[in-house]
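What follows draws every value from the coordinates through simple rules; no lab data is involved. If you're wondering where the values come from, they're calculated on a predicted model, not measured in any experiment. Counting neighbours? That spans all protein chains shown, and the Cβs are built from the backbone with ideal geometry, glycine included.
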Amino acid sequence: MKSIFRGKLHRLPTVLLWLLTASLLTTACGDDKEPTADYTAVDDTAIQKYIADNKITGAQKQTSGLYYVPVTTNANAPQPTASQIVSILYTGQLLDGTVFDATSKRDNAPLTFRLGIDRVIPGLEEGLALMHKGDKAVFLIPSGLAYGTSGAAPTIPANAVIRFEVELTDINTSYAIPDDNLIVRYLAKNNITTAQKQPSGLYFVPTVSNPTGTPASAGKTVSVLYTGKLLNGTVFDATSQRGNAPFSFVVGATPKQVIPGFDEGVNLMRKGEKATLLIPSALAYGTTGAGTSIGPNTVISFDIEVVDVK
């Protein structure tokens, strides 16, 4: 749909974190916490047995029932506060050692979200608030602070105590730094060496040049062919899905007719040129995302061909 570009004109209500690369961190149901029922004592017994069996020392039981086990501590570093953006590396396991999710399964790219705002399981959020930047810790999370009576099929049973091994790699107040890190990682992984970073944070990658073509300058009506993708390659929109009919808009219009990063990138092009745009979330769909395809705070890419400029 063409309207997918009009992120500034068709804002969605603020939504909870859509973890495209780590959905198991989100709660399985709508409540922040599942009813603990009679499992509080059962879970605590299971955690204490796990600690004893594995000869774990230094475990700190919180009033909630969470057990926090520091591994490395950087006491002079900052601690995250509510609404700050945290980046973590993690491995999530059942107590029998079964790994149900890990950043190592996704090129070890950190998971980034807003503490106290985006939706993660309560035990993970509580544990992170105890950490400093650079710390590593293990969280032993009772089911009432995890996935409760519903579990998270198919890997996490109902009423399961879970274990997270976590490294808090960064704390920010803006997504600009995490987004830029993701883009730089993407460029390196794909051996892209011609990317031109703009002051806004947009990365422009020319693929076909046409120095004599008409510039797509502000006020011009441009027609483009495009494919919009997430960094994992998932296509969320493309002109090829609609008979390859070009999409037309006015560059630099007020209000903008397309998302800012798309507008800025096309403005750098000429008729007949092709390029790839790597767009940080602030220049795309920001904290709201777009429908079910693009989660909040998501970096996206566009392969674009400018077919006409009028």
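The table for this structure:
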read-out	value
Distance between modelled label sites at residue 63 and residue 217, nm, 7 Å Cα→Cβ extension	6.6
Pairwise FRET efficiency - residue 198 versus residue 158, Cβ, R0 = 30 Å, nearest 0.05	0.05
Mean Cβ count within 10 Å, highest first, over the residues of peptides 233-241, 246-254, 302-310	302-310, 246-254, 233-241
Net dipole in debye of the chain [+1 Lys, Arg Cβ; -1 Asp, Glu Cβ; about Cα centre; nearest 20]	1160
Leading residue at positive end of dipole, the chain (Cβ point charges), from 56, 127, 201	201
Per-residue HN-Hα couplings for segment 256-261 [Karplus 6.51, -1.76, 1.60; θ = phi - 60°; Hz; x = Gly/Pro]	4, 8, 9, 5, x, x
Residue 44-residue 188 pseudo-label distance in nm [points 7 Å out on the Cα-to-Cβ vector]	4.6
Shape call, segment 100-231: gyration tensor on alpha carbons, a/c limit 1.5	prolate
Förster-model FRET efficiency, 35 Å R0, residue 104 and residue 174, C-beta, rounded to 0.05	0.85
Violating pairs (Cα-Cα greater than 19 angstrom) within the set 220/274; 55/105; 55/133; 271/310; 189/271; 197/271	55/105; 55/133; 189/271; 197/271
Cα-based Rg / Dmax (Å) for the chain	22.6, 74
Rg over Rh [alpha-carbon atoms, Kirkwood Rh] for segment 176-309	0.94
Spacing of the two label points (7 Å from each Cα toward its C-beta) at residue 54 and residue 84, in nm	2.7
Relative contact order [Cα under 8 Å, 6+ residues apart], segment 176-309, whole percent	32
Residue 76/residue 234 FRET efficiency (R0 41 Å; Cβ-Cβ; nearest 0.05)	0.50
